[in-house]
Structure formats: structure tokens, C-alpha cells
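These notes concern the structure reproduced below.
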Amino acid sequence: AATTAAADNGALRVIRRHVPDDHECLFTAISYLAEGPGVANAGKRLRKLCADKILSDPDTYNEAVLGRPNAEYATWIQNHFNWGGENEIGILATHFDLEITVVMMEYGFCMPYTFGTKHKVYLLYTGQHYDPMVGANGDVAPTEGEVRHFTVGDTSMDASALECAEEHKKIKEIKASQRTVKKIKCDGCGAIGDDAAWFQDHCGEVEHDDDFAWTCTDVEVVEEGDEPTPEGRIDLSSPDVHCFYNLEDEGFSNNYASPIEVEGAVYKSVFHYNIAKKFEGVEGGLQAKVLAATTIQEVRALDSEGYGSERPDWDGVREVVMVDGITAKFTQNSELAAELIATGAKTIVMVDAADKWGGMSAEGGIPTGKNKVGEALMKVRADLAPPADITSMAS
């Protein structure tokens, strides 16, 4: 059973527990606080609980509240890729009879959702992720004996929760300023240099023992934000970089609903086009189903259904297909083309932690990813506007 704080919390302080960053964090974190750590299938189970509640009370959970029709939202929230939020916090607080106090890390205040009377719990929100917060007698404490439940209405631990949030905000800011650069490490003595030329000079200048095999290893070295940016490394916070998220309402995203026509066929988005081409010539009718799909979620489901059965040359043509789709999108939509040209000479980066081929992200402050979508957008931009125009717009 969960440990509950006594009236006198004594030396307790609030600390952060971490749950996976996998789109299920809200549900996993609330399950941790309400049911204890390690409860299986929390995401799927609590998503369905929320959906059932929403469907059972369409007057309360109407389109004005949900932002979409009741039944559509109930389906939407059961999709693993969609994040939960305020509606789900309220429903789960009522279900577990809890006061859920959300500690807003970025803004430094506590927001209580007082839907229950049994216990109070703390939930940290970083702006992109939810984690459970518990009471403990030190920064490193076992789960056995941790305090997950506090007294409803008691704000005596709020200051400790905010202090914890501020500590993690500072850690996040430090990590966000850090970056990595690829280096070479000598396997003989551990010295680190920039490239193969350095290693060759190093081997000629430094005496190693008789067992040295003239080998080296690629490594990544973390650098602080005030150091010069390594050559070839994209700084996502730079004013010379245009970042966008891979969301359906982002015009540059392949998920954006901008119909394109390619070789006589009409696709509802570039993502529809990509996945349709992925299963071109494959038995089972997946390509036709993708063409008929009305939502991105449906296409994702079809992509999952066809996993492992894509056309045999897909890895080789994937990038070419995407560039063709993006080219069609921006040559057939003048408003989007103007937005793309308006980015001037900026490096374009799609931010998506789940797609390291198409985009980039900086979890822990370290930018990684191939950014193939960003590269394709810059290629199309160069084709749409002469270099002189791009330079003048950037000035």
C-alpha cells in the first residue's frame, strides 16, 4: 500500500520520480501515484477509462470542452501517440478520489485539481512531460517507504515541490545549453582529438607501449553552451535555425492536411503519399486503404499493419519519394510556398524525438537526428527561390 504522510512531515522533502518519455507519461505517472510503481499497461487501461467516461457523459464532455466531437475525442485519446492533458487529469482525479496538484516547472506554481477527497498527490509537468513527485528523506530514496499520498487541502509541502521543480528546471536549462561533438579517442592512451589526421599525427608523436594496435574509437564529447559550436553541429536555439514540430497543424509538417496530386492520384497529405508509395505494388490492398484514409491516425495504423511487408527497395527510395511529395506540396500550395521562401537562408529543422530519420531533437540538451525532412524542405526552397532572393530575405 502507498505510504501516506503523517500530519507532521518532519524532514520529508518532495523529489521527482521518472517515468518513460513515451507518450504515456501522464497516465503512467498518475498510476504510479494512485496505484504504486510498476503497474502494467497503465497507459492503455487509463486511456480507455477516460474514453469510457467521456462517452458516458456527452453533456459535460462536449465539443466546446474537448475541442472536437465527443466520440471522435474518445477515439483520439486512446491512440498511443496522443498526449493526455487537463481533461484526463480531472477524470482520473475523480476516479481515484484524489486531489492532483500539478507542479508547473516552467512557471513556478502549483495548480490543484481538487476532484477527490481521499489523498493529495503531486504531479510534475515540465512543459512536455509528466512525472510523479513523492516525499522522501533524501534525494536518493528507495520506493519502499516513499510518501505518495498527502492530506487533501494541505499545502505545507507545496514549497518543497516547487523547490524540486526549480532544481530540475535549472538542470534542464544547463543541459539545453550543452551539445556534443564527435571526436576520436586513442585506444592506446585515451587521448582525444578531432579527426583521423589528428590521430595519425598523434601516433607519430606519442610513444605507446608494445601492445598498442594503432586503433582508435569514435566518441562524443559534451561541450558547454558558451563554447564555440562545433563545425557541422546544428544549434537548435540559434536565430539562424527555423524549427517546427511534426504536428498536424504545422504547415511544414508532412502530416499537415495539404492535398497533393502526383501522377494523377490525389493524396490528403505528404504523409499519405509517403506511406502509399511505401506499399506500392504490395499485395493486400494497403496502398488503396492509405489513399482512402481520412486521418493521419488511420494512416499510422495502416503503416503499422503493413510493418515488414513494404516494397523491397523502400530503404533506397524512401528519401526520393519524400522529396517528390514535399515538392508537390509546395509547388501546388502558393501560401505554403511563400512561408517556406520566407525562412530565407535559415537551416530548417523538424523537431521530433520519435523520428530521428526525418527530424532532430535535443533530449538532454544534445541535438541528434538526420533531419531528412528539414533537408528536403531546404532543397525545395532553393528550387522555389533563386539564391539572391533567399539572401536578401535573410538580411
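Here are a few things to note about the model shown:
- Test result for Glu88, closer than 22 Å to Glu248 by Cβ and open to solvent by less than 60 Å² (accessible area, probe 1.4 Å): yes
- Selection count where residues are among the hydrophobic types (A, V, I, L, M, F, W, C) and at pLDDT below 85, scope the range 348-371: 4
- Matching residues in the range 284-309 - criterion: being of a type in the set (D, E, K, R) and touching a residue at least 24 places away in the same chain (Cβ under 8 Å): Arg300, Asp303
Per-residue answers, yes or no, for (1) touching a Lys or Arg at 6+ places or on another chain (Cβ under 6 Å); (2) more than 29 Å from Ile234 (Cβ to Cβ); (3) of a type in the set (A, V, I, L, M):
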site	(1), (2), (3)
Gly284	no, yes, no
Arg318	no, no, no
Glu339	no, no, no
Thr347	no, no, no
Ala354	no, no, yes
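- Unmet requirement for Glu335, which otherwise passes all of (1) at pLDDT below 95; (2) open to solvent by 10 Å² or more (accessible area, probe 1.4 Å): (1)
- Search result, residues across the range 56-73 that are not in a loop (DSSP other than H, G, I, E, B) and not aromatic (Phe, Trp, Tyr): Ser56, Glu63, Ala64, Val65, Leu66, Asn70, Ala71, Glu72
- Criterion applied to Lys329, Lys278 was being over 16 Å from Ser258 (Cα atoms) and touching a residue at least 12 places away in the same chain (Cβ under 8 Å), and the one residue passing it is Lys278.
- Test: residue in the range 311-326 that is over 23 Å from the mean Cα position of the chain (by Cα), touching a residue at least 12 places away in the same chain (Cβ under 8 Å) and in a loop (DSSP other than H, G, I, E, B): yes
- Some residue of the range 123-139 being open to solvent by 50 Å² or more (accessible area, probe 1.4 Å) and small (Gly, Ala, Ser): no
- Scope the range 34-43; condition open to solvent by less than 50 Å² (accessible area, probe 1.4 Å) and in a helix (DSSP H, G or I); matching residues: Ala34, Ala42, Gly43
- Residues located in the range 97-130, provided they are without any contact (Cβ under 8 Å) to a residue 12 or more places away in the chain and part of a strand (DSSP E or B): Met111
- Test: residue in the range 114-121 that is open to solvent by less than 50 Å² (accessible area, probe 1.4 Å), under 28 Å from the mean Cα position of the chain (by Cα) and at pLDDT below 95: no
- The range 19-33 - residue that is open to solvent by 30 Å² or more (accessible area, probe 1.4 Å) and out of contact with any Pro (no Cβ under 8 Å at 6 or more places or on another chain) and, of those, farthest from Asn82 (Cα to Cα): Pro20
The values are calculated or read from the model by the stated rules, or taken from the named source; none is laboratory data. Source: prediction; values computed, not measured. Cβ atoms come from the backbone with ideal geometry, glycine included; neighbour counts cover every protein chain shown. Keep in mind that these areas ignore ligands, DNA and RNA; they rest on the heavy atoms of the full protein, side chains included. Shrake-Rupley method; radii C 1.70, N 1.55, O 1.52, S 1.80 Å.
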